[in-house]
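J.: Please read through the structure below; I'll follow up with questions.
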Amino acid sequence: MTPDAAIDQPAPSRRWLQILKICAVGRHPRRTLARIIVLAAACFIVFGFILLPVRVTGISMEPTYHNGAIRFSNRLAFLWHEPQRRDVVTIRYAGIHAMLMKRIIGLPGETVQFVRGQALIDGAPLDEPYVSWGCRWNLHPIKLGDGDYFVVGDNRSMRMQDHEFGKTRREKIVGKIVL
Amino acid sequence: MKWIARAAALAIAFAMAFWIWRTFFPSPEALIRKRLNSLAACASFTQGQSDLSKMIGAQRVPGFFAPDVNVIIDVPAGRLRHSFADRDEIARAALGTRQQPSLSVKFPDINVTVNPDGRTAMADATVIARVGGERDDIVQELQISFVLSNGDWLITGIQSAGPVSLH
């Protein structure tokens, strides 16, 4: 080993600093910065406009969605087709900072009613495997107009008076719950 | 490179001029949003707040409403409706809320439409109220009407307009 080579050899502490630097910002800091900017922009677009994160508050969607769970509402889900029966959707109030999460059981033009807890669509019983706890709700028949959907939570063990459900307009539906 | 620096400086100057203009001459929409946020701040109180400051906040609440205000809101428990016909009732209700351990009121979404006359406006707003000790928040959509009176936007009516209904 020549004296010059000995000088070029990094000291152990300096080598660790280099390793740390590579771990933190990579071998090419400019490229790393560009990747971070692209990733941040992608996250901003995806989670700000397409897949809205929603935190479930309340027990009206138990046992399918638990209080405090984080889910995502896909705003593009109904771009090419209309909402379907059994879709779990988010419904906006005046904006999207607070939304309702409900399941669609009635489609435009149908008549929805509850008889001793059984949901009837145009008089025929609706199969609802997602409902775990029965109820004794009774609700008069409600005819849905064009663009009206009937939404309800999965937790039917709640008192009907405490459960927010009913008709909603198509334009109030923001997206479909995914993930 | 010089022209880039000049363009950037010009853009910054325009942005600052616009910001100063909006600060000193806010639009009616901005004034109404500010008004609703002030109302929320007056209606809210925390557990550690002194009784005096709670009372001062409650006494400010009626000042946001017109004398002949008409409020019809849904009471979440039991699907009932409650109405207030004048400012005195609102003042009593605001004082009544001070019996609760705490109250947080927020308007996270406010959409304002000023009518062509420029003196009346409608706001579609989401209100979130959290009462201390309660498990769930109260969330409602409200249709709020305003009138411009002596330079202040006063609330003339509030009506609940939920996104789902059984009617």
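All of the numbers you see were taken from the coordinates with simple rules; none came from a lab. Only a predicted model underlies this, so the values are computations on that prediction, with no experimental measurement involved. Every residue, glycine among them, receives a Cβ derived from its backbone with ideal geometry; neighbour counts consider all protein chains shown.
J.: Of the options A:PHE114, A:CYS23, A:PRO125, report the single residue whose Cα projects farthest towards the positive end of the charge dipole of chain A (beta-carbon charges: Lys, Arg +1; Asp, Glu -1).
T.: The residue sitting farthest along the positive end of the dipole is A:CYS23.
J.: In percent, how large is the relative contact order of chain B, given Cα pairs closer than 8 Å and 6 or more residues apart?
T.: For chain B, the relative contact order is 19 percent.
J.: Let me ask you something else. Roughly how many nanometres apart are two label points built 7 Å out from the Cα toward the Cβ at B:ARG81 and B:ASP51?
T.: Placing both labels 7 Å along Cα→Cβ, they lie 3.8 nm apart.
J.: Right, here's the next one. How far, in degrees from 0 to 90, does helix A:29-45 lean away from the longest principal axis of the Cα atoms of chain A, to the nearest 10?
T.: In chain A, helix A:29-45 runs at an angle near 10 degrees to the longest axis.
J.: Calculate, for B:VAL131 and A:SER132, the FRET efficiency according to 1/(1 + (r/R0)^6) with r their C-beta to C-beta distance and R0 30 Å; round to the nearest 0.05.
T.: The calculated FRET efficiency here is 0.50.
J.: Between B:ASP152 and A:ARG116, what's the calculated FRET efficiency when r is the beta-carbon distance and R0 is 51 Å? Round to 0.05.
T.: For B:ASP152 and A:ARG116, the calculated efficiency is 0.40.
J.: Suppose every Lys and Arg Cβ carries +1 and every Asp and Glu Cβ carries -1, with no other charges. What dipole size does the stretch A:54-179 come out with about its Cα centre, to the nearest 20 debye?
T.: The calculated dipole for the stretch A:54-179 is roughly 280 debye.
J.: Please return the longest stretch of chain A lacking exposed loop sites, where chymotrypsin sites (Phe, Trp or Tyr not before Pro) count only if DSSP places them in a loop and at most 15 other Cβ atoms lie within 10 Å.
T.: A:1-79
J.: Lysine pairs, Cα distance under 14 Å, 8 or more residues apart or cross-chain: how many in the stretch A:56-178?
T.: Lysine pairs meeting both conditions in the stretch A:56-178 amount to 4.
J.: Among the lysines, which fall within straight-line cross-link reach of B:LYS106, defined as a Cα-Cα distance under 18 Å, with same-chain neighbours fewer than 8 residues apart omitted?
T.: Cα-Cα hits under 18 Å: B:LYS34, B:LYS54.
J.: Can you give the angle from 0 to 90° between the axis of helix B:2-24 and the longest principal axis of chain B, with both taken from C-alpha atoms, to the nearest 10?
T.: Helix B:2-24 sits at roughly 30 degrees to that axis.
J.: As a test of the formula, what do you get for chain A when each DSSP H run with n ≥ 4 contributes -39,500 (n - 2.57) and the sum is divided by the residue count, at 222 nm and rounded to the nearest 500 deg cm²/dmol?
T.: For chain A, the value works out to -6500 deg cm²/dmol.
J.: Could you tell me how far the Cα centroid of the stretch B:44-109 sits from the Cα centroid of the stretch A:44-120, in Å?
T.: Here the two parts' Cα centres lie 31 Å apart.
J.: Simple spin-label model, 7 Å along Cα-to-Cβ: A:ALA34 to A:ASP146 in nm?
T.: 5.3
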